[in-house]
1. Might you let me know whether the range 75-82 holds any residue that is hydrophobic (A, V, I, L, M, F, W, C), open to solvent by 40 Å² or more (accessible area, probe 1.4 Å) and not in a strand (DSSP E or B)?
2. Please verify whether Ala35 is of a type in the set (A, V, I, L, M), open to solvent by less than 20 Å² (accessible area, probe 1.4 Å), out of contact with any Cys (no Cβ under 6 Å at 6 or more places or on another chain) and without any contact (Cβ under 8 Å) to a residue 60 or more places away in the chain, treating the condition exactly as stated.
3. When the residues of the range 1-17 are narrowed to those that are touching a Gly at 6+ places or on another chain (Cβ under 6 Å) and surrounded by 20 or more Cβ atoms within 10 Å (Cβ to Cβ), which ends up nearest to Leu86 (Cα to Cα)?
4. Show me the strands (runs of 3 or more DSSP E) found entirely inside the range 19-72 where at least 1 residues are of a type in the set (Asp, Glu).
5. Answer yes or no as to whether Thr58 is among the β-branched types (Val, Ile, Thr) and either within 18 Å of Val120 (Cβ to Cβ) or over 14 Å from the mean Cα position of the chain (by Cα) (or both).
6. In the set Ile51, Ile109, which member is open to solvent by less than 40 Å² (accessible area, probe 1.4 Å), modelled with pLDDT of 95 or more and over 13 Å from Val120 (Cα atoms)?
Amino acid sequence: QVQLKESGGGLVQAGGSLRLSCAVSARSFSDNCIAWFRQAPGQERDFVAGISRGGLYTYYADPVKGRFTISRDNANYMVHLQMNSLKPEDTAVYYCAADASIVLHTTPISYDYWGQGTQVTVSS
């Protein structure tokens, strides 16, 4: 069982920054790829960014490339998502998820464990 808990969401103006954090249960941290997804009202849950088990490989969805950065803090069992140059279209509930596969997947169905989500609202 992998437990995840997101934090760091909030309200920010367009052009601003936020850093989301995902706390992962220590026993499971090194055995899982971790990804961030987001879901806006009435929309599907979309992949945002992911990081491999060892942290050497990252992958980003096109809408966030160059603006978002995902990273792993192995000492504290955390995964962070630094979000810069935020846009109103980034408004959504953001979820972190864990997958024990060695391959970094981008589809929600591949992830077995999810956090409860954190709201990010970007005002224009």
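The values are calculated or read from the model by the stated rules, or taken from the named source; none is laboratory data. Computed from a predicted model, the values in this text were never measured in an experiment. Cβ atoms come from the backbone with ideal geometry, glycine included; neighbour counts cover every protein chain shown. Note: areas computed on protein heavy atoms with side chains; ligands, DNA, RNA excluded. Shrake-Rupley method; radii C 1.70, N 1.55, O 1.52, S 1.80 Å.
1. Within the range 75-82, one or more residues are hydrophobic (A, V, I, L, M, F, W, C), open to solvent by 40 Å² or more (accessible area, probe 1.4 Å) and not in a strand (DSSP E or B).
2. Spelling it out, it is not the case that Ala35 is of a type in the set (A, V, I, L, M), open to solvent by less than 20 Å² (accessible area, probe 1.4 Å), out of contact with any Cys (no Cβ under 6 Å at 6 or more places or on another chain) and without any contact (Cβ under 8 Å) to a residue 60 or more places away in the chain.
3. Selected residue: Glu6.
4. Because the criterion is at least 1 residues that are of a type in the set (Asp, Glu), the strands (runs of 3 or more DSSP E) in the range 19-72 that meet it are 46-51.
5. In short, no.
6. Ile51
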